[in-house]
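The values are calculated or read from the model by the stated rules, or taken from the named source; none is laboratory data. Just so we're clear, the structure is a prediction, and the values are computed from it rather than from any experiment. We place every Cβ from the backbone using ideal geometry, glycine too, and count neighbours over all the protein chains shown. What goes into the accessible areas is simple: the full protein's heavy atoms, side chains included, and nothing from ligands, DNA or RNA. Shrake-Rupley method; radii C 1.70, N 1.55, O 1.52, S 1.80 Å.
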Amino acid sequence: MAKAVNLFDYFLSDASEAPAIYFGDDVLSYARLRGVTVETAQRLVAAGLQPGDRVGLVLFDSPEFVSSFLALSGLGTIAVPINPALSAKDISFILGDCAARGVIIESTLLPEVMSSLETLPDLQWVMIVRAEGEAMPTFRGKRVVDLSTAPRDELPSPFPHPVDEDTPAFFLYTSGSTGQPKGAIHAHGDIPYTVETYCRHVLNIKPEDRIFSASKLPFAYGLGNSLSFPLANRASVILYPGKPTPEAIRDILVRYRPTVFFGVPVVYNALLTFHRQSGQLEVSSLRLCVSAGEALPASVSQAWVEQFGLEILDGIGSTEMLHIFISNRAGQVRHGSSGLPVPGYDVKLIDDEGRPVEIGEQGHLWVRGKSAARGYWQRPDVTARTFVEGWVRTGDMYRCDSEGYYYHIGRSDDCFKVSGQWVSPLEIEDVLRQHERVQDVAIIEGKTEEGFSCVKAVVVPAGNIDLDRLKTELMDLAEESLPRFKRPKIFAFVADLPRTPTGKVQRFKLRQAG
Ligand code: 3UK
């Protein structure tokens, strides 16, 4: 097995005085980040960790997240980042599933999660990140220490722990549209592979770059954006622990003047609305905008260029592949497309029988590349279904045009047929979104009174408007731009669409709601 560099050394070997992290009023240099990371590792040794042990990280975007993640890697233990916005039940499900020995957690989350953490049999200690002067909590049956004052022990020798490309380094939990969250196992070689492929070929990050991601560190997208890409290139990252509202992003753009911005489509949409209403977005520091997580509607992509003269590079990635493997390139953006395969990844489109589809035909997207997860933690059945003969089944339907650009059709579960012909929710959503009184829209399969499949539009109207009139106008719009079978027959108006914490519309929830 090929030897690999431990992630601790990969990121922190030549720790200089250059800025690594901007956080509030603080600027942490690489040297300081290395110092803090070593101290954290010494505290984790004192907490009795052994290589291979799992530790949950339930932290906001902060220097503590980065130093804890790299300290755990240095010791050969496994970091399990968990979205702090999850419910206490979901957080403890994940900690229980990976049999975490300890958890590093924000003290502000404790009142909510304390009782469920006490029920976890494998959890021995809780390390808290707390504000100065805050009291130490007590737990039944668990040791509680403070991340900044816990006792330290000597680092094991050698440090960092020797690893090869396949030594597990971190688990990323992903829920998919149904079922329990499952932990994708990623190894020490996976992050460097995303840095050498997508980051090098598409982003080309230089030490002068300052990166800001509205998507958070516990997700594969945010982890790449805010940890892997800035730190591997000795650039800097702006970490913001709060909710990335348009107002917060406006302030960050002014205060830190980032050069690269990462968001999901809903964030770009909200920023456009905010700017139209207030004129307050100052984007002159940005050289690059990236979108991922779900398809960026062509209308939003176009409006962004018109408004700001900046392209958004849409690209598809997944937790299983760790980061983006098909992406648009600067200067060659196709609105509504996910772009071209990233060097280092192979993709194929196949039909239900596994045969390659013709150019222009839709098929199931499979992908292959060395950043792929080694499988799901203790889930042999789903692992066998998703990781097949070196390929990863994405669950997405795509088509590829004659120039090699890939177009997302939908999740295989979200696509449906009307009058025997495939319908892609995205295409219809994009048409309806052109109406200025449509704030948001999702297309799902509906049933006519006779029980036939038809197109149903679930619409979030913008402001107060006569819904009958809006419906008529939307039907006119559909008639102008869509063939008959793709025009919505049923309309529902709602206040909000259900979304995952990463901003994906949960069309299955709308289907269940009927
Ligand atoms: C969908 C997209 C169309 C697609 C992710 C960038 O989203 C990420 O990972 P997840 O595991 O979800 C993966 C699924 O999300 N998707 C993501 N990006 C796009 N669909 N266009 C896109 N640009 O269904 C995919 O299978 O949460 C994104 C980097 C790392 C990631 N993990």
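Some notes on this structure:
- Extension reserve of the Asp26-Met136 stretch, reckoned as 0.36 nm per residue once the Cα distance is removed: 37.1 nm
- Take every pair of alpha-carbon atoms less than 8 Å apart whose residues are at least six positions apart; their mean separation over the length of the range 416-513 yields a relative contact order of 28 percent.
- Under 29 Å from Lys447, Cα to Cα: lysines that are on another chain or at least 8 residues apart: Lys417, Lys456, Lys471, Lys486, Lys489, Lys504, Lys509
- Of the residues Asp209, Asp351, the one with the largest accessible area comes first in the ranking Asp351, Asp209, computed with a 1.4 Å probe on protein heavy atoms.
- Calculated [θ] (222 nm, deg cm²/dmol) that DSSP helices of n ≥ 4 give over the chain, each run adding -39,500 (n - 2.57): -8000 deg cm²/dmol
- Near the amide H of Arg499, within less than 5 Å, lie the amide hydrogens of Gln506, all on another chain or at least 5 residues away, with H placed in the peptide plane.
- Once the 1.4 Å probe is applied to the protein heavy atoms, the range 190-411 comes out at 39 Å² accessible per residue.
- 14 Å beta-carbon shell around Ile324, net charge (K/R +1, D/E -1): -4
- Rounded to the nearest Hz, the phi-derived 3J(HN,Hα) couplings of the range 105-113 under the Karplus curve 6.51 cos²θ - 1.76 cosθ + 1.60 (θ = phi - 60°) are 9, 5, 5, 5, 8, 4, x, 6, 9, where x marks glycine and proline.
- Charge sum, other residues only, whose C-beta stays under 10 Å from Trp391's C-beta, Lys/Arg counted +1 and Asp/Glu -1: +1
- What the range 416-513 shows is 54 Å² of accessible area per residue, with the surface traced by a 1.4 Å probe over protein heavy atoms.
- Formal net charge of residues neighbouring Asn83 (Cβ-Cβ distance under 14 Å; K, R +1; D, E -1): +1
- Accessible surface of the chain [probe 1.4 Å, protein heavy atoms]: carbon and sulfur percent: 49
- Residues whose placed amide H lies under 5 Å from that of Asp146, excluding near-sequence neighbours: Ile128
- In order through the range 196-209: 3J(HN,Hα) via Karplus (6.51 cos²θ - 1.76 cosθ + 1.60), integer Hz, x for Gly, Pro: 6, 9, 4, 5, 5, 7, 9, 9, 6, 6, 10, x, 6, 5
- Sparse-neighbour loop sites [GluC sites (Glu not before Pro); the range 66-175; at most 16 other C-beta within 10 Å; DSSP]: Glu132, Glu134, Glu154, Glu165
- Across the range 66-82, computed HN-Hα scalar couplings (Karplus, 6.51 cos²θ - 1.76 cosθ + 1.60, θ = phi - 60°) run 5, 5, 5, 4, 6, 5, 4, 4, x, 8, x, 9, 10, 7, 10, x, 10 Hz from first to last residue, x flagging Gly and Pro.
- Between amide H atoms placed 1.01 Å from N, distances below 5 Å from Ile21 occur with Leu28, Val237, all of them 5 or more places distant or on a separate chain.
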